[in-house]
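One structure is given below, encoded as structure tokens.
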Amino acid sequence: MYYTDDSLFPENMPQHTTRGRTMSTPRRFTFLMASLLLCGVAIAQSQQQIRDQIFGETDAVKKQADDLDAKVLAPEAYAEGLELYTSAGETLAKGRDLERVREEVDQAKGFFARSVEAAKLAQLTFGNTLTARTAAQTAESEKYAAKDWARAEQLLVAAAGTLEGGDLKKAGNQAIDAQQAYSATEAKAIGAKASGK
């Protein structure tokens with residue numbers, strides 16, 4: 001006499017019921033994984049919303065500073081703001097003290113706003129130097145005369161830092177040095193391009 005145990009066949013495996021419908025084990029696992037993924041996306045979106053809420057105004061001021069090249073034209077204020085901004089971002093990412101994050105973001109906003117004003121003043125004060133800088137950029141000095149370009153940039157940053165400190169006369173003299181350096185860098189880059197080096 002022969003008999004079979006129907007439970008040994010996959011088609012006879014027990015089914016899991018979900019709201020009146022049956023769901024096999026593999027489907028149930030897939031459903032669970034999809035649910036977990038959606039939860040992860042929701043949490044990430046929530047974290048992004050928190051960041052946008054806390055950083056929103058500061059991001060806007062930072063963008064103004066970046067558009068004005070404040071990293072070069074207002075180096076001290078911009079660097080202070082960036083340090084606080086970065087610290088706040090790292091603290092938020094770790095899910096730590098939100099109050100500290102808000103304080104650092106607010107302080108960063110103040111420094112970025114200061115750098116915007118300083119950069120505008122530098123643009124007015126260093127007009128000829130910035131024209132020479134643009135000409136050097138057009139000649140691709142950063143590529144063809146990298147060391148000279150870096151030196152000229154250092155001179156401009158020093159002049160901008162002096163201007164931030166309030167010494168207009170000294171800043172003007174430093175800006176002239178930077179202008180001459182940019183002009184020399186432009187000529188060197190043009191020569192390098194012409195010679196194919």
Among the listed residues Leu121, Leu82, Leu73, identify the single one that is crowded, with 18+ Cβ neighbours inside 10 Å, of a type in the set (A, V, I, L, M, F, W, C) and farther than 21 Å from Ile54 by Cβ. Leu73
When you go through Ala171, Ala160 one by one, which is the residue that is in a helix (DSSP H, G or I) and within 24 Å of the chain's Cα centre (by Cα)? Ala160
The residue from Lys120, Lys169 that alone is in contact with a Leu (Cβ under 7 Å, 6 or more places away or on another chain) and of a type in the set (D, E, K, R) is Lys120
Against the definition (modelled with pLDDT under 95, touching a helix residue (DSSP H, G or I) at 6+ places or on another chain (Cβ under 7 Å) and surrounded by fewer than 18 Cβ atoms within 10 Å (Cβ to Cβ)), how does Lys193 come out, yes or no? yes
Would a scan of the range 71-80 turn up a residue that is more than 22 Å from Lys170 (Cα to Cα) and assigned by TED's automatic domain parsing to the domain that holds Ala158? no
Can you spot a residue in the range 152-163 that is touching a residue at least 12 places away in the same chain (Cβ under 8 Å) and either surrounded by fewer than 16 Cβ atoms within 10 Å (Cβ to Cβ) or in the same structural domain as Glu76 (by TED's automatic domain parsing) (or both)? no
Entirely in the range 41-152, the helices (runs of 4 or more DSSP H) that have 1 or more residues that are among the polar types (S, T, N, Q) and either modelled with pLDDT of 95 or more or farther than 20 Å from Asp177 by Cα (or both): 75-93, 98-125, 127-138, 141-144
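Listed here are the residues, each with its yes/no results for (1) within 30 Å of Glu186 (Cα to Cα); (2) among the β-branched types (Val, Ile, Thr); (3) in contact with a His (Cβ under 9 Å, 6 or more places away or on another chain); (4) free of Cβ contacts under 8 Å to residues at least 60 places away in the same chain.
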| position | (1), (2), (3), (4) |
| --- | --- |
| Gln47 | no, no, no, yes |
| Glu57 | no, no, no, yes |
| Leu73 | yes, no, no, no |
| Ser87 | no, no, no, yes |
| Lys94 | no, no, no, yes |
| Arg102 | no, no, no, yes |
| Gly127 | yes, no, no, yes |
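The values are calculated or read from the model by the stated rules, or taken from the named source; none is laboratory data. Just so it is clear, the structure is predicted and the values come from calculations on it, not from any experiment. With ideal geometry, Cβ positions are generated from the backbone for all residues, glycine too; neighbour counts draw on all protein chains shown.
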